[in-house]
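Taken together, the values in this text are just the output of simple stated rules run on the coordinates, not laboratory data. Keep in mind it's a predicted model, so treat the numbers as computed, not measured. Every residue, glycine among them, receives a Cβ derived from its backbone with ideal geometry; neighbour counts consider all protein chains shown.
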Amino acid sequence: MRSACPHCEKPIPPASMVCPHCHSLLVQFEEQPKWPAYLGYGFLIVLMIVGVVVLIQYSGGGPPSEAEERQAIDPALQREQEEARKIQERRRELLLRIEEGKKLAEERRKDQEDWAREDTEKKQAYIQGAYKEFDDKATRLQARLLQRGEELIQAGAAVEVQEKIEGLLEEMDLINGHVERMLVLAAEGKVDQARVILDAARDRYKRFSLEAEAFLLKN
């Protein structure tokens, strides 16, 4: 314990913390060790890195790409991507149609080769059988179309509906005309010409039946 002030050297009471003469602080505090500043900055950087990693993991992926950032703020890019998607879809559909067309063309080529090897009687029998199959389908579809068309017209259908009915009936009449011409040629022994007309009538009827079924389903 001090008996004199270390600053003014005057006597002081025991256990004094402040000199009563010069008012100097008599208690000495131990200095706490100080961490270097760079260690604090480093610790802060580590915490920031850990936070970023955790955020990425919980957000389900890495940082957004430049394209993703642009898409989020650029509606025009979204429209471009949608148009590109539609173009790709149309290309796929067109390629599928081309492949189907190739298969049908190959089937028809083989069929024509087989047809050329048949004698006239077998060809006439084939045409008669094809006509019967065609006639059964066409007759049923035509009856449905006539019945529904009459109901719609009597109910006061719109003009465009009446025009559609008229167009379908005219197409059916044209197909029937082709079939009748085919039968005449087959009866005359012109089976090859009859076969050409038969194939054309089948293709035309296929398109017509799809259109007529869609009309009946809608109306």
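A few notes on this one:
- Sorted by Cβ neighbour density within 10 Å, fewest at the top, the residues V184, V179: V184, V179
- This model, with +1 at the C-beta of Lys and Arg and -1 at the C-beta of Asp and Glu, gives segment 119-219 a dipole about its Cα centre of some 320 debye.
- Sorting the Cα pairs of segment 119-219 by distance into bins of 5 Å, from 0 upward, gives 2, 13, 23, 19, 14, 10, 8, 6, 3, 1, 0 percent per bin.
- Here the residues V191, V159, ranked from fewest to most Cβ neighbours within 10 Å of their Cβ, fall in the order V159, V191.
- Spin-label model distance (nm) - Q78 vs R92, 7 Å beyond Cα toward Cβ: 2.2
- Ignoring lysines fewer than eight residues from K164 along the same chain, the ones with Cα atoms less than 18 angstrom from its Cα are K206, K218.
- Debye intensity ratio in log₁₀ form over the Cα atoms of segment 144-188, taken at each q of 0.31 Å⁻¹: -1.03
- In percent, rounded to a whole number, the relative contact order of segment 125-219 is 34, using alpha-carbon pairs under 8 Å and six or more apart.
- Inter-centroid distance (Cα atoms) of segment 165-191 relative to segment 195-219, Å: 13
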